[in-house]
1. To test your reading of the geometry: what angle, between 0 and 90 degrees and rounded to tens, separates the Cα axis of helix 161-171 from the longest principal axis of the chain?
2. Using only helices, what value at 222 nm comes out for the chain when you add -39,500 (n - 2.57) per DSSP H run of length 4 or more and divide by the total residues, to the nearest 500 deg cm²/dmol?
3. How would TRP156, TRP174 line up by accessible area, probe 1.4 Å, largest first?
4. Round to the nearest 10 and give me the degree value, 0 to 90, for the angle of helix 83-96's Cα axis relative to the longest principal axis of the chain.
5. With unit charges on the beta carbon (Lys/Arg positive, Asp/Glu negative), name the residue among THR76, ALA91, GLY125 whose Cα is farthest towards the positive pole of the charge dipole of the chain.
6. Using only the Cα atoms of region 114-174, build the gyration tensor, take square roots of its eigenvalues as a ≥ b ≥ c, and label the shape rounded, prolate or oblate: rounded if a/c is under 1.5, else prolate if a/b is larger than b/c, else oblate.
7. Just need the Rg to Rh number for region 49-144, please, alpha carbons only, Kirkwood Rh.
8. If the elastic network links every pair of Cα atoms under 10 Å, which of ALA171, ALA119, ALA92 fluctuates the most in the Gaussian network model of the chain?
Amino acid sequence: MRSTRIVIFAKAPVAGQVKTRLIPALGEEGAALLAQEMLRGTIAEAEATGLGVELCASPSPEWPEWQPHLPPIATTNQGEGDLGERLARAAARVIQGGENILLIGTDCPELANRRLLAAAEALQGHDAVIHPAHDGGYALLGLAKYDRSIFDGIAWSSASVAAQTIARVQALGWSLHVGETLRDIDEPEDLTHLCPNA
């Protein structure tokens, strides 16, 4: 059985630079504090799985902005490029290193440890697993194989991200497990979903 690594993509929780769509509702400091709490919560749920956990940070984890927030887990740098390039780089590194990967962000409180474990389990019998998000993106993408086409030319931050990604997986002939559609906390109206039945 291949081991699975959870790779959490996150921005440094700096006021004015994170959760910007929530600033009208929370202010810059409030949005940054929420980002910080969601980062901590995501790491706690990931660690509760007992799987390997890594924080893939932007900007580089060596930047001073990160220092008050870095958890005592493995940290790597997202590096340059658009989201697709950064996700592809992390996926290639982990899969070529002999592990399956679960790629997640910090925006989805519904990704409790039981859902992460279920996704890791699904990867033992599928090439890919995805949890679509209500906004058309995805909250989780799990891969047991790597192909750059999964990430190239995707219209990031659009309502078609999950559909495009599913189409790419199917075009490769890979087996795919589609999990529940989950809710990200991105817009002011999403704030009512901060305490989900996880």
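1. It works out to around 10 degrees.
2. Calculated from helices alone, the mean residue ellipticity at 222 nm is -10000 deg cm²/dmol.
3. Heavy-atom accessible area, descending, gives TRP156, TRP174.
4. That works out to roughly 50 degrees.
5. Farthest along the dipole direction, towards plus: GLY125.
6. On the way: a/c = 2.39, a/b = 1.23, b/c = 1.94.
Since a/c reaches 1.5 but b/c is at least a/b, the shape of region 114-174 is classed as oblate.
7. Reported Rg/Rh (Cα atoms, Kirkwood Rh): 0.95.
8. Maximum fluctuation in the GNM of the chain, among the listed residues, is at ALA171.
The values are calculated or read from the model by the stated rules, or taken from the named source; none is laboratory data. Here the structure is a predicted model, which means the values were calculated and not measured. Please note: Cβ atoms are built from the backbone with ideal geometry, for glycine as well, and neighbour counts cover all protein chains shown. Surface areas here come from the heavy atoms of the whole protein model, side chains and all, with no ligands, DNA or RNA. Shrake-Rupley method; radii C 1.70, N 1.55, O 1.52, S 1.80 Å.
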